[in-house]
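Would you mind keeping the following structure in view while I ask a few things?
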Amino acid sequence: MHAATLLLFLTLGQFDNPACIDESPPLDLIHTRAERERQTMPYRPGAGRTAPSRHVQFGPHVSIQVNVDANGDNILDDAANEPSIAVDPTNPYRMAIGWRQFDTILSDFRQAGYGYSTDGGRHWTFPGVLEPGVPRSDPVFAVGPNGEFYWYSVRVTDLHCQLFRSLDQGQTWSFLSEAFNGDKPWMTADRTHGIGRGNLYVNISGRGFLQSTDSGGH
């Protein structure tokens, strides 16, 4: 595990998410994923210590820390990696981001941390984790044409891939559907005005391409 402070770099790219099918991956793939995602330590809470958050500037480019407490301060001795970010196409000031959250660098127990911004990334709110105590990995975000946010997450305990949706720009999330098991998925939502508008598309390593035509319900 590489402990790192999670920063938002305000030079943003597109990140993506899945579809649901009633099919199980081969056992060798499950075993391979289980070994990759294996965690050896139990959950340990953080120490609760804080310090001023970090803002780093390189010329005109500014990085702003997103995993901060309610006062906007850095949470000491936690760690985060594998971030994925999405921007509302109907209002680019609204953003949501997810990552693997380690409450302490003394344990490899990771949960699904997330944050949201309503002012274009200048300030962030970190409400906590998606499901406290549930180990998760491979977070992937996408956003639909009407500003609906999607979050694809792998539950480490059984390697099930699950899709969550937010209708308030990443502030709260609700379970949407059970999705296809697989490694390192990447998803995007169709925001064109064609016949596929609102569809979700996902590519899963070793398993190919899938789509959902009902905004992730199936």
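The values are calculated or read from the model by the stated rules, or taken from the named source; none is laboratory data. Fair warning: this is a prediction, and the values are worked out from it, not measured in the lab. Counting neighbours? That spans all protein chains shown, and the Cβs are built from the backbone with ideal geometry, glycine included. The area values use the complete protein model at the heavy-atom level, side chains included, leaving out ligands, DNA and RNA. Shrake-Rupley method; radii C 1.70, N 1.55, O 1.52, S 1.80 Å.
May I ask for the equivalent-ellipsoid semi-axes of the range 129-171, computed as the square root of five times each C-alpha gyration tensor eigenvalue and listed largest first in whole Å? Display every interim value, and only then the final one.
On the way: eigenvalues 90, 24, 8 Å².
In descending order the semi-axes read 21, 11, 6 Å.
A further question on this structure: Working with all protein chains in place, sort 114, 150, 201, 93 by solvent-accessible area computed with a 1.4 Å probe, largest first.
Per-residue accessible area, sorted high to low, gives 93, 201, 114, 150.
With N set to the number of residues, divide the alpha-carbon radius of gyration of the range 93-188 by 2.2 N^0.38 Å and report two decimals.
Working: Rg = 13.1 Å, N = 96, 2.2 N^0.38 = 12.5 Å.
Against the empirical 2.2 N^0.38 Å value, I get 1.05 for the range 93-188.
Taking a 1.4 Å probe, which of 143, 134 shows the most accessible area, and what order do the others take after it?
Working: 143 10, 134 35 Å².
Ranked list, largest accessible area first: 134, 143.
For a protection proxy built on the mean count of beta-carbon atoms within 10 angstrom, sort 97-106, 154-163, 49-58 highest first, please.
On the way: 97-106: 22.6, 154-163: 18.6, 49-58: 11.9.
Packing proxy ranking, top to bottom: 97-106, 154-163, 49-58.
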